[in-house]
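The values are calculated or read from the model by the stated rules, or taken from the named source; none is laboratory data. Predicted, not measured: the structure shown is a model, and the values here were computed from it. Cβ coordinates were reconstructed from backbone atoms using ideal geometry, including for glycine residues, and neighbour counts include every protein chain displayed. Just so you know, the surface numbers come from the protein's heavy atoms only, side chains and all, with ligands and any DNA or RNA stripped out. Shrake-Rupley method; radii C 1.70, N 1.55, O 1.52, S 1.80 Å.
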Amino acid sequence: ENDSIRNEILPYGFQNVTAPLKKFHRGSLNHNFKWNLFDQIMVSDSLINDVPDALYFHQADIFDDIMLRQWKGKYRGQPARTFVGRTYKGGYSDHFPVYMILRRN
C-alpha cells in the first residue's frame, strides 16, 4: 500500500484487507511483468468485530481465475485485456477484480 493510504485512510479507523494479497507472483495488475495490487478494499474497523448478529469481514481475495487470463504467448497468465491500444482483443479487463466475503456471527 502506498503512503496516501497508510497516512490518510488507515489512521481513521480503516483497514486495508487486500494488502496481504500482494505477492511477487500475484497481484491485480501486471505492468512490465511486475505484479502490483492496484485494486484494494478498505473496510472500517466496525467490520472487524465479533458482535453477535453483525456482519463481519471474513476474507478478501483476487479473482484471477483462468478464464480471465491470457492463455498463451508472451503475456500468458496476465489479465486478458479488452483492448491493447486501439485493437480489440475481446478480454475482460487489464486488472483482475478484488473481492471480499462478509459473514454474520
Considering residues that are more than 7 Å from ASN16 (Cα to Cα) and not in a helix (DSSP H, G or I), the number found within the range 41-54 is 8
For the range 37-53, pairs from a residue that is closer than 29 Å to ARG26 by Cβ to a residue that is in a loop (DSSP other than H, G, I, E, B) and of a type outside the set (S, T, N, Q), with Cβ under 6 Å and 6 or more apart or across chains, are LEU37/LYS22; LEU37/GLY27; ILE41/VAL17; MET42/ILE9; VAL43/VAL17; SER44/GLY13; ASP45/GLY13
Residue pairs qualifying under the 6 Å Cβ cut-off, at least six apart or on distinct chains, with the first in the range 86-105 being in contact (Cβ under 8 Å) with a residue 12 or more places away in the chain and the second being surrounded by fewer than 13 Cβ atoms within 10 Å (Cβ to Cβ) and in a strand (DSSP E or B), are ILE101/HIS58; ILE101/GLN59; ARG103/HIS58
Going through the range 79-91 in order, the residues found to be over 15 Å from the mean Cα position of the chain (by Cα) and either closer than 30 Å to LEU10 by Cβ or open to solvent by 70 Å² or more (accessible area, probe 1.4 Å) (or both) are ARG81, PHE83, ARG86, THR87, TYR88, LYS89
Per the filter on the range 11-43, residues over 16 Å from HIS95 (Cβ atoms), open to solvent by 40 Å² or more (accessible area, probe 1.4 Å) and more than 17 Å from the chain's Cα centre (by Cα) are PRO11, TYR12
Open item on the list: Looking at the structure I just gave you, is ARG76 in a loop (DSSP other than H, G, I, E, B) and open to solvent by 100 Å² or more (accessible area, probe 1.4 Å)?
Closed with: yes
Here the residues within the range 1-26 that are touching a residue at least 60 places away in the same chain (Cβ under 8 Å) and closer than 14 Å to PHE63 by Cα are THR18, LEU21
